[in-house]
Amino acid sequence: MCPHATEVVRRLQQEDFEAYIVGGSVRDLLLGKVPKDYDVATDATPEEVKTVFPRCRLIGRRFRLAHVRMGGTLIEVATFRGPQVSDDDDHKHKNGRILRDNVWGNLEEDAVRRDFTVNALFLDPVSGDIQDFVGGYKDLADRKLRLIGDARTRYREDPVRLLRAARFVAKLGMELGDETAKHVHDMAPLLVDIPPARLFEEVCKLFMTGHASRTLEALQRFQLTRVLFPVLDGKGKSGKAKTGPLMEVAMKNTDHRIAIDKPVTPAFLLAAILWHPVRERAEELHAQGMQEYQALEQAADEVMAKQVQRTAIPRRFSVVTRQIWTMQPRFNHTHGRRARSLMKERRFRAAYDFLLLRAEEDENLKSLCDHWTEAQKGVELNTGQNDRYKNKPQRRQGRRRRRRPTTKQT
Ligand code: ATP
Ligand code: MG
């Protein structure tokens, strides 16, 4: 248990407020996992929280939250939320989607507006009591992931819950309850209406929190992959996508890197996920007479343009994804100036890792991979700096020689 979250709860309780640790942190603690962060729910309003923790930051415009720093840990303190006052258009979209969720409520109301029963447990870390209004404790023991209330209504209110279902099944090793499972397929098309920026955030959570392989399996099983990545091959608008070893190994590698605390970037993952459509389109354009490199650039642009309509891809990532793709043909120049300049590219390492991935599906690339693996060892021996120094005088000499005749003529 996090002593800092406990301290936040204790201080609120001392001022006669109700306060609990909630959501994913309670669920993970009960499963014996280490929660990645701690959320606290309270009946104190954000302004009241501020009186207890004067140095906290109030964030969010519509629904204000307090960010309390305690012993270097950030604890998010939210006021209990309640049901919407009415079903008017102000809060709900015509198809039932909740647009705003900004009404305060009491403990029980806060429990039932959460998504899954296992995410709606309230733990008082001071007394050790758990408040469970929705049967979450039993579901946790039975490893059942169940939406609270009527599954269709809850998916309609927020279709992102479909993706959260896949993510939790993968992360927690749970199975969906019958009702929760039954409506996944018919609700999947609703994801199309979710703002692309939110879907991008969800994609990051799906694939960059250490369970990418199992999440992809769950997305495939629930036939949600193609709603997220419509450019992938497959049947129907939603449905299973054609994946293959390249994508699967990319997911495994990502999970491994996270497990050993190495950084991961959505740029690389997206390069892997979207590679087949890019390659196929580039081949098509090449067959129509376009130069190989140009075909690849155009295919990259076309596929990206389609993908960002569904999940936004911030430019800082899409630029890198594109570089990873367009550097691939350059690996064919294994020697000379072109090879040396390739190795000096900022994205060389990512592009090389991507080449290794491609070799998972194409035996013929194995020897090319070996070449570049060896080539890098060579660079390590001839430290980068010396290598750069060696090249410079040569280039200057070349220029001078070419210039001399022109000077003489004038
Ligand atoms: P993790 O942080 O491990 O991904 P989590 O359950 O903490 O899982 P968060 O996205 O951090 O997930 O959300 C915190 C809590 O807020 C959830 O446990 C759930 O109770 C509630 N919640 C989050 N998203 C939704 C949603 N779309 N609909 C209803 N409740 C939600
Ligand atoms: Mg969380």
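The values are calculated or read from the model by the stated rules, or taken from the named source; none is laboratory data. Not measured: the values here are computed from a predicted model. Neighbour counts run over all protein chains shown; Cβ positions are idealised from the backbone, glycine included. The protein model used for the area step is the full one, side chains on, heavy atoms only, and it has no ligands, DNA or RNA in it. Shrake-Rupley method; radii C 1.70, N 1.55, O 1.52, S 1.80 Å.
For the stretch 39-83, trypsin sites (Lys or Arg not before Pro) are listed when DSSP marks them as loop and at most 11 other Cβ atoms sit within 10 Å of their Cβ; the list is Arg55, Arg61, Arg62. Label-to-label distance, Lys235 versus Asp301, with points set 7 angstrom from Cα along the beta-carbon direction: 3.6 nm. Our helix-only sum for the chain, with -39,500 (n - 2.57) per DSSP H run of n ≥ 4 divided by its residues, gives a mean residue ellipticity at 222 nm of -16500 deg cm²/dmol. A 1.4 Å probe run over the chain, with the rest of the protein chains in place, finds 54 Å² accessible per residue.
Estimated from the Cβ-Cβ distance and a Förster radius of 51 angstrom, the FRET efficiency linking Arg55 and Lys344 is about 0.60.
Plainly put, the chain has a radius of gyration that is 1.08 times its Kirkwood radius, both from alpha-carbon atoms, as the Rg/Rh ratio. For the stretch 169-220, the set of trypsin sites (Lys or Arg not before Pro) satisfying both a DSSP loop assignment and a count of at most 11 other C-beta atoms within 10 Å is empty. Our summary of shape: the Cα atoms of the stretch 1-142 have principal axis extents of 44, 41, 25 Å, ordered from largest down, in whole angstrom.
Our estimate of slack between Ala259 and Ala141, defined as 0.36 nm per intervening residue step minus the Cα-Cα distance, is 39.9 nm. Amide H contacts of Ala312 (H built 1.01 Å from N, in plane; Pro and chain starts excluded): Ala197, Leu199, Phe200 sit under 5 Å, all sequence-distant by 5 or more or on other chains. Remark on Trp104: its backbone amide H falls under 5 Å from those of Gly82, a criterion applied only to residues 5 or more positions apart or on other chains, H modelled at 1.01 Å from N.
Measure nothing fancy, just the Cα-based angle from helix 266-287's long axis to the longest principal axis of the chain, in degrees from 0 to 90, nearest 10. With both axes taken from Cα atoms, the answer is about 50 degrees. Apolar share of the accessible surface for the chain: 48 percent from carbon plus sulfur atoms, 1.4 Å probe.
Computed over the stretch 1-142, relative contact order equals 23 percent, with contacts defined as Cα pairs under 8 Å that lie 6+ residues apart.
Each of Asp37 and Thr373 was given a label point 7 Å from its Cα along the Cα-to-Cβ line. The distance between the two points is 3.9 nm. Principal axis analysis of the Cα atoms in the stretch 202-295 yields extents of 45, 32, 21 Å, listed in decreasing size.
For the pair Arg69 and Glu361, the difference between a 0.36 nm per residue extended length and the Cα-Cα distance amounts to 100.3 nm. If you wrap the Cα atoms of the stretch 221-267 in a convex hull and average its projected area over all directions, you get 3.9 nm².
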